[in-house]
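Undergrad: After the structure tokens below, expect a handful of questions from me.
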Amino acid sequence: MATQLTVTHYSQPWHGRALDLLVQILKYVVLIVLAISFLLPFYWMVSSAVKNDAQVYVVPPIWFPRPQFWENFWNAWNSETFNLWTFNTVVRYALPATFGTVLSSSLVAYSFARIDWKGRNAIFAIVLATMMVPDWVRLVPLFVIFKTLGWINTFNPLVVPAFFGNAFFIFLLRQFFLALPLELSDAARIDGASELRIFVRIILPLSKAALAVVALFTFMNAWNDYLGPLIYINQVDKWVLTLGVGRLRSAVDEIGNTKLAYPWLMAVSSLITLPVFLAFFFAQRSFIEGISLTGLKG
Amino acid sequence: MVALRRLLPATQREWRNFLLGVAFASPWIIGFLAFTIFPVGSALYYSFTRYDLVRDPVWLGMQNYIAFADDADFRLVAGNTLWWVLFSSPLGVFSAFLMALLLNSRIIFRSFFRAIFFFPAIVPVVVTAFVWIFLLNIQYGAINSTLQAWGFKTIPFISSPDLMKWSLVVIHMWSQGAAMVIFLATLQDVPKSLYEAATVDGANAFRRMWNITVPMVSPIILFNLVMSFIGGFQYFTLPWIMTQGGPSRSAEFYAIYLYRNAFQWFRMGKASALAWVLFLLILLFTYLIFRTSGRFVYYAGATR
């Protein structure tokens with residue numbers, strides 16, 4: 001598709017050329033309309049965050065609020081315990097889950113990619129098959145198990161399973177490890193290095209890019225996770241950000257509310273999107289490559 | 001016995017590798033047993049019981065399953081979910097494919113456009129929900145407020161049961177960045193020579209698209225469609241945050257009903273039965289798609 005639209009059209013009849021030109025024009029029209037409508041929700045979010053109520057409850061909508069109330073960000077953030085919820089999200093959930101996932105998934109992927117053992121292909125097929133098992137089938141019994149263990153209202157149900165590998169990331173890392181030359185390991189084996197040593201000293205340092213993708217995705221999944229905390233955590237002081245913003249939402253639904261409900265909701269929504277945006281801005285290639293790798297034949 | 005012996009490691013070296021391999025894979029193997037096999041198995045057991053987490057499970061046999069047959073709630077959520085899967089998945093894949101096609105042609109500011117199309121896919125779902133609630137608000141949302149100013153009637157995007165599911169479909173199509181990236185990677189692998197040959201033969205843009213592009217990426221269309229079906233059956237977070245299944249239960253999907261049974265009403269037995277039905281539905285759907293896809297999917301190099 002990249003070149004064919006500009007290939008010279010010597011052999012085409014005039015109506016063929018006209019059609020191709022039409023396609024070109026149509027393409028840019030669609031592209032621009034799509035891009036605007038994709039950005040519009042984000043623009044609406046950020047611009048509404050700096051409005052006051054008079055600028056919100058008005059027809060027609062105000063696209064360029066004047067004056068802007070930048071203090072909304074500060075006031076909204078401090079209206080609830082968002083600092084604590086950020087701490088919970090990052091330190092008690094995302095970081096340990098990321099550490100566990102990277103550690104366990106890379107170990108398991110190493111086994112499937114670089115150790116030639118009987119039965120590994122059959123087991124690997126099961127790993128892939130587990131991706132088809134809906135989370136909902138496991139949720140009820142897992143809740144019962146975690147309740148018996150006294151883990152409700154702790155971060156264990158969200159963090160501990162991360163230390164047992166994630167099928168998706170095992171697959172991704174296995175693809176990466178397979179591409180590393182086998183001679184590297186063989187040379188080290190001849191020198192008497194143990195398998196664990198080869199893994200830690202040779203394979204992991206060469207796979208920093210892939211490990212970064214896994215870490216990035218896991219961290220972001222934890223940052224964005226809603227269902228997990230919803231099920232396991234009901235104590236407000238243990239909430240994460242995604243549950244916390246919901247507090248501001250209830251103000252929106254109150255009838256006759258005049259407490260900057262929408263601006264504050266949009267302000268905190270913008271603030272918790274910001275890290276995702278920054279991560280994407282600086283690591284766009286990791287995101288794109290990580291995802292395209294998974295589509296290329298599983 | 002001979003067959004069994006062939007499955008087991010024979011030499012000392014094979015044994016060594018086997019033990020090493022299993023040791024490295026042990027986190028997943030233990031996790032698989034503890035967090036998949038055991039829960040899925042006990043869900044099957046609970047599905048034959050009445051269980052409220054306080055008293056011991058009471059054996060009911062098939063009663064939970066039989067009750068679904070004339071359970072109006074079950075029929076409602078199953079119908080909503082089937083609607084959702086049948087409309088959102090193809091339209092979502094179409095959206096991803098269209099974006100990938102646009103990005104794969106020669107355009108200016110390509111990585112800029114790619115970033116715009118991709119970003120909604122990684123935004124926290126809560127944020128997506130809140131922003132769209134506001135955007136689609138009947139009075140002061142950006143769209144309806146504009147319509148009023150221009151003298152048109154407002155559109156109850158999320159307050160009318162007829163429109164809610166369609167609004168969700170639009171949001172779904174808006175957040176297809178992951179599928180788009182997968183399409184894009186595949187499109188870039190289609191040999192340019194095919195297009196050049198077709199152009200020389202006088203094929204116009206639409207013919208090249210239909211006779212080259214679509215067949216060449218059809219395996220990925222299938223892949224994205226299947227992933228989307230599997231996700232669609234489990235659709236929960238967005239409709240839950242936006243309207244908790246409303247208005248008038250029009251967005252009450254299967255997973256929402258399951259969540260209510262399990263974690264609001266503590267009917268763990270019934271919820272487990274729901275979960276197993278869902279599991280079987282997904283397996284059946286996936287099987288049917290793969291069975292019928294042979295006719296529509298082109299695998300380069302396959303002789304079929």
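Laboratory data are not the source of any read-out in this text; all were calculated from the coordinates shown. Source: prediction; values computed, not measured. Glycine also receives a Cβ, built like all others from the backbone with ideal geometry; neighbour counts cover every protein chain displayed.
Undergrad: Rounded to the nearest 20 debye, what is the charge dipole size of the stretch B:70-293 about its Cα centre when +1 sits on each Lys and Arg Cβ and -1 on each Asp and Glu Cβ? Write out the running numbers ahead of the final one.
TA: Details: 14 positive and 8 negative charges, 42 e Å.
Roughly 200 debye, rounded to the nearest 20.
Undergrad: What is the distance, in nm, between label points placed 7 Å from the Cα along the Cα-to-Cβ direction at B:ARG75 and at A:ARG197?
TA: Inter-label distance under the simple model: 7.0 nm.
Undergrad: Hey, another quick one. Kindly write out, for the stretch A:222-230 in residue order, the coupling ³J(HN,Hα) from the Karplus curve 6.51 cos²θ - 1.76 cosθ + 1.60 (θ = phi - 60°), rounded to whole Hz, with x marking Gly and Pro.
TA: 5, 4, 8, 4, 10, 5, x, x, 4
Undergrad: Cross-link candidates for B:LYS165: which aspartates and glutamates have Cα within less than 13 Å, leaving aside residues fewer than 8 places away along the same chain?
TA: Partners within reach: B:GLU252.
Undergrad: Bin all alpha-carbon pair distances of the stretch B:70-293 at 5 Å intervals from 0 and give each bin's fraction as a whole percent.
TA: Binned Cα distances yield the sequence 1, 6, 12, 14, 15, 15, 12, 10, 7, 5, 2, 1, 0, 0.
Undergrad: Within a 10 angstrom radius of each residue's Cβ in B:265-274, how many Cβ atoms of other chains show up on average? Whole number is fine. Display every interim value, and only then the final one.
TA: Details: counts 0, 1, 1, 4, 1, 1, 4, 6, 1, 3.
Average per residue, whole number: 2.
Undergrad: When the Karplus curve 6.51 cos²θ - 1.76 cosθ + 1.60 is applied with θ = phi - 60°, which whole-Hz ³J(HN,Hα) does each residue of the stretch B:109-115 get, with x for Gly and Pro?
TA: Each residue of the stretch B:109-115 in turn: 6, 4, 5, 5, 4, 4, 4 Hz.
Undergrad: Hey, could you grab the Kirkwood Rh for the stretch B:2-46? Inverse mean 1/r over distinct alpha carbon pairs, Å, one decimal. Numbers along the way, then the final one.
TA: Details: mean 1/r = 0.0796 Å⁻¹.
About 12.6 Å, per the Kirkwood formula over Cα pairs.
Undergrad: With a Förster radius of 30 Å, plug the Cβ-Cβ distance of B:TRP83 and A:ASP253 into 1/(1 + (r/R0)^6) and report the FRET value to the nearest 0.05.
TA: Details: r = 27 Å, r/R0 = 0.88.
Once rounded, the FRET efficiency stands at 0.70.
Undergrad: Cα convex hull of the stretch B:177-284: mean projected area in nm², to one decimal?
TA: Details: hull surface 38.3 nm².
The number I arrive at for the stretch B:177-284 is 9.6 nm².
Undergrad: How much length would be gained if the chain were fully extended between B:ASN211 and B:LEU19, taking 0.36 nm per residue of separation minus their Cα-Cα distance, in nm to one decimal?
TA: Numbers: separation 192, 0.36 × 192 = 69.12 nm, distance 5.08 nm.
Length difference between fully extended and current span is 64.0 nm.
Undergrad: Kindly give Rg over Rh for the protein assembly as shown, based on alpha-carbon atoms, with the Kirkwood expression for the hydrodynamic radius. List each step's numbers first, then the result.
TA: On the way: Rg = 26.2 Å, Rh = 26.6 Å.
We get a ratio of 0.98 for the protein assembly as shown.
Undergrad: Using only atoms on other chains, find how many Cβ atoms lie within 10 Å of each Cβ of peptide B:197-208 and report the average. Display every interim value, and only then the final one.
TA: Values: counts 0, 2, 11, 5, 2, 5, 3, 10, 12, 3, 2, 4.
Counting other chains' Cβ atoms within 10 Å and averaging over B:197-208 gives 5.
Undergrad: Please compute the average number of Cβ atoms from other chains found within 10 Å of each residue's Cβ in peptide A:114-127.
TA: Working: counts 2, 10, 6, 13, 11, 7, 6, 0, 1, 6, 2, 0, 5, 4.
Taking all residues of A:114-127 together, the mean is 5.
Undergrad: Let me ask something additional. With n ≥ 4 as the cut-off for DSSP H runs, can you work out [θ] at 222 nm for the protein assembly as shown, using -39500 (n - 2.57) per run divided by the number of residues, rounded to the nearest 500?
TA: Working: 32 runs with 399 residues, N = 602.
-21000 deg cm²/dmol, from helical runs alone.
Undergrad: Also, quick follow-up: For B:THR49, what residues show an amide H to amide H distance below 5 Å, using hydrogens built from the backbone and excluding near sequence neighbours?
TA: Under 5 Å from the amide H of B:THR49 lie the amide H atoms of B:LEU60, each far enough along the sequence or on another chain.
Undergrad: Return an integer: the convex hull volume of the alpha-carbon atoms of the stretch A:18-169, in Å³ per residue.
TA: Taking only Cα atoms, the stretch A:18-169 has a hull volume of 269 Å³ per residue.
Undergrad: Which value, in Å³ per residue, describes the convex hull spanned by the Cα atoms of chain A? The partial results should precede the final answer.
TA: Numbers: hull volume 69.5 nm³, N = 298.
Hull volume over Cα atoms, normalised by residue count, gives 233 Å³.
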